[in-house]
Amino acid sequence: MFNVYEFFNKISSLKPGIRLDAGQPDISVDKRIIEEAVGSLRRGETSYTKTPGLDELREKIAEVEGVGKDDIIVGNGSKILIASQILRAKRVGIISPHWQAYESIAREFGKDVKIFKTSFEDGWEPEMERLDVDLLVLNYPNNPTGKILPKDKLREILEMAEEEKVKVLSDEIYSDIAFKPFTPARELYDNVVTVKGFSKLFAMTGFRLGYAIAQREEINAMRRFLEATTTCVPVFVQRAGVKALEIREEVKKRVVKIYKERVRLASRILRDFKFYEPDGAFYLFVKTEVDGLSFAERLLERGVSVFPGVAFGGYRNFIRISLVDPRLGEGLRIIREVKECA
Ligand code: PLP
């Protein structure tokens, strides 16, 4: 498996001027969120708290998501909640291209991994005859393609999961950055653990705050996992989360508009490349005539970083461009030049 962290470390040591590689938004965290975190610390909120999360935060999440407070657990970033689910499975199904962490976690803990490949030619839509796993990971809007599955396709997959009694882990961390209607998987199937977080819409990556929505038994299993490992999310981080959700609609409007404009800019500058405009999130998964890794390395020499497609399930002729640098236009023009020189 291609080691994305090694490549990330190489990028970081070369310090390119334009970073279009990681999923780290360049939009700053709203000041009101920071002030809330600082205020909480000043008030002396520095102790452990109960594992599932503060009532105020879970109530706010419940209100936003239209579920009950007891169907929610808060965790130290969504990744740890994803890991807690993968740990409980034996055979994990992943639709590819995919965020590498699902596969790394599964392999790290000795799970069987079944990859369902999709292709650019088929519009990144999965065709599965049988799942034959006990946990299927869905991630829409998708990292790296930006795809949102049409509702009928999603229903078809979830019906298959129901028939085979497969649990679904739906990573919907990008669903608040959607340019098209999005249906949460839990609306179509009961046996779904939904995972979301504050890292993308609110750019709160370093706060390490995420949450899961699930049935009671799954919430209890995640609680036991967090009790045994991280104990709780720091109170000041949770207070920041409450504030973020209070201003969510305003932030969402602003952030979605920014990414829409960036997608438009990228589509214009990269019109000679093959890719689908994303339905959501802030990535472009772009086809390259040459090997994506050598393309990414050539770009690095020109001071622009992207991730090679090999990092997302072995898609050698692709690169992922993350639309997260204020010098995006300049970076995209360099990408176009490098293609022309190929
Ligand atoms: N899920 C996907 C698909 C991601 O791309 C990322 C981060 O890049 C995460 C989850 C991790 O989110 P968190 O910061 O909440 O752990």
Expressed as a whole number of Å, what is the distance separating the alpha-carbon centroids of the stretch 113-187 and the stretch 33-98?
-> 22
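What percent antiparallel are the DSSP beta bridges of the chain, to the nearest 5? Numbers along the way, then the final one.
Numbers: 17 of 36 bridges.
The answer is about 45 percent antiparallel.
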Per-residue SASA entry for Val29, accessible area with 1.4 Å probe, Å² rounded to 10 | 30
Taking amide H positions as placed in the peptide plane 1.01 Å from N, state which residues far from Phe318 in sequence (5 or more) or on other chains have amide H under 5 Å from it.
-> Thr288, Gly292, Gly309, Val310
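Using only the C-alpha atoms of the chain, find the volume of their convex hull and express it per residue in Å³. All intermediate terms of the calculation are to be shown ahead of the outcome.
Working: hull volume 44.3 nm³, N = 342.
Per residue, the Cα convex hull of the chain comes to 129 Å³.
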Using the Karplus curve 6.51 cos²θ - 1.76 cosθ + 1.60 with θ = phi - 60°, work out ³J(HN,Hα) for each residue of the stretch 7-13 in order, rounded to whole Hz, and write x for Gly and Pro.
-> 5, 4, 5, 5, 4, 4, 6
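Counting other Cβ atoms within 10 Å of each Cβ, which GluC sites (Glu not before Pro) in the stretch 236-316 have at most 14 and sit in a DSSP loop? Display every interim value, and only then the final one.
Details: sites: Glu246, Glu249, Glu250, Glu261, Glu289, Glu297, Glu301; in loops: Glu289.
Answer by residue number: Glu289.
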Can you tell me the accessible area per residue over the stretch 276-342, all protein chains present, probe 1.4 angstrom, in square angstrom?
-> 36
With Cβ to Cβ distances under 13 Å as the rule, what net charge do the other residues near Glu127 carry (K, R +1; D, E -1)?
-> -2
Hey, can you rank 317-325, 95-103, 159-167, 186-194 by average C-beta count inside 10 Å, highest first?
-> 317-325, 95-103, 186-194, 159-167
Residues whose modelled amide H sits under 5 Å from the amide H of Ile95, counting only those 5 or more places away in sequence or on another chain, are Phe116, Val137
For the stretch 40-53, 3J(HN,Hα) per residue [Karplus equation, 6.51 cos²θ - 1.76 cosθ + 1.60, θ = phi - 60°, Hz, x = Gly/Pro] = 4, 5, 4, 6, x, 7, 10, 9, 4, 9, 5, 4, x, x
Once all protein chains are kept in place, Leu135 shows an accessible area at probe 1.4 Å, nearest 10 Å², of 0
Inter-label distance, nm, simple model (7 Å from Cα along the C-beta direction), Ile247/Arg333 | 3.4
Determine the percent antiparallel among the DSSP beta bridges restricted to the stretch 129-280, to the nearest 5.
-> 40
Expressed in square angstrom to the nearest 10, the accessible area of Leu41 with a 1.4 Å probe stands at 80
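Please state the relative contact order of the chain as a whole percent: Cα pairs under 8 Å, 6+ residues apart?
26
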Quick one: which residues, 5 or more positions from Gly197 or on another chain, have an amide H under 5 Å from its amide H? H modelled 1.01 Å from N in the peptide plane, none for Pro or chain starts.
-> Tyr211
With θ set to phi - 60° and the Karplus curve 6.51 cos²θ - 1.76 cosθ + 1.60, what are the ³J(HN,Hα) couplings of the stretch 98-112 in order, to the nearest whole Hz, using x for Gly and Pro?
-> 9, 5, 4, 4, 4, 6, 4, 4, 4, 5, 4, 9, x, 7, 7
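The values are calculated or read from the model by the stated rules, or taken from the named source; none is laboratory data. Predicted, not measured: the structure shown is a model, and the values here were computed from it. Ideal geometry is used to build each Cβ from the backbone, glycine not excepted, and the neighbour counts take in all protein chains shown. What goes into the accessible areas is simple: the full protein's heavy atoms, side chains included, and nothing from ligands, DNA or RNA. Shrake-Rupley method; radii C 1.70, N 1.55, O 1.52, S 1.80 Å.
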